[in-house]
Amino acid sequence: MKDLRVTFPDPCDQDWSDMPSRGCNRFCAQCDRTIFDLSNLDIDQAEVMLAVEGRVCVRARVDSEGAVELRRKSTANVRRMILAVGTSVGMLMAAGHAAAKEQAPQGEIVGKLDTMWPYGMVITARSPDGREYRSKVKRDGGYRIKKLPPGTYSLEISGGCGKDWDGGTVVVHDREAARHDATDPNDCIIVGMIEVVQDKG
């Protein structure tokens, strides 16, 4: 049988750990809803809940392969709940362009983040004197920070679904593009509405 493909069209920014318990789940006072923890359900239970309830709010942990963490069944189970590739979840952060400007900076940093959830992610390059230059991460994980004065920059990656992390340092030379690739060390945890993606056919 096919995997169950899902999307999260309307995730929220409420903290799961701050919500009061309601059995195995939690209660969100802001939207007056029970938030179901998918890790307590096996694939069949999750599928029935979505079929009966339609759109429900859930907490979902998504691994690096895009599989949602579910409770294992006692029998062998090859079906999974999979995050639909290319799904936009509207988790965009406000990220302006470079906070500092120079007369004629020539360098840039280009790279790609290996992450399951690039939506809303921002990479910040910080110079030793504290100036910051930012770029939004594209849907494919790529990014480019332009118009940088030559120097050494520390990188910080934020937003999306995992925790922020240190991206290391990179040296930018005049009239050159410094290459920097990174891998997201975090699992992805999403709290918000979930919908089943219907196959076209």
Practice item. Provide the gained length on full extension for the span V197 to F27, in nm with one decimal, where the gain is 0.36 nm per separating residue minus the Cα-Cα distance. Key: 58.6 nm
Practice item. List every residue whose amide H lies under 5 Å from the amide H of L41, counting only residues 5 or more places away in sequence or on a different chain, with H placed 1.01 Å from N in the peptide plane. Key: R71
Revision key, fill the gap. A chain fully extended from E156 to D10 at 0.36 nm per residue, minus the present Cα-Cα distance, gains in nm 50.0 nm
Study note, to complete from the structure: Rounded to the nearest 0.05, FRET efficiency between Q106 and R79 (Cβ-Cβ, R0 45 Å) equals 0.30
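If you average the sequence gap of Cα pairs under 8 Å that are 6 or more apart and divide by the length of region 107-183, what percent do you get for the contact order? Each step should come with its number before you reach the end.
Working: 179 pairs, mean separation 31.2, N = 77.
Relative contact order for region 107-183 comes out at 41 percent.
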Practice item. Could you sort 7-14, 188-195 so that the peptide with the highest average Cβ count within 10 Å comes first and the rest follow in order? Key: 188-195, 7-14
Practice item. Post the alpha-carbon centroid distance, region 105-151 to region 1-66, in whole angstrom. Key: 32 Å
Point to revise | Restraint check, K2/K138; K2/K163; K2/K112; K138/K163; K112/K147, Cα-Cα greater than 23 Å | key: K2/K138; K2/K163; K2/K112
Revision key, fill the gap. Expected unfolding gain across E132-T183 under the 0.36 nm per residue rule, minus the alpha-carbon gap, is 16.2 nm
Revision key, fill the gap. For region 34-49, Karplus-derived ³J(HN,Hα) couplings (6.51, -1.76, 1.60; θ = phi - 60°; whole Hz; x for glycine and proline) come out as 7, 9, 7, 8, 5, 5, 8, 10, 8, 4, 5, 5, 5, 5, 5, 4
Point to revise | Packing-based exposure ordering (other Cβ within 10 Å, fewest first) of H180, H173 | key: H173, H180
**Study point:** Karplus-derived HN-Hα couplings along region 10-21 (A = 6.51, B = -1.76, C = 1.60, θ = phi - 60°), whole Hz, x at Gly and Pro
**Key:** 9, x, 10, 9, 6, 8, 3, 5, 8, 7, x, 5
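Read-outs throughout are calculated quantities, based only on the coordinates presented, and are distinct from any laboratory measurement. As the structure is a computational prediction, the values presented were derived from the model and not from experiment. All Cβ positions, even for glycine, are placed from backbone atoms using ideal geometry, and neighbour counts span all protein chains on display.
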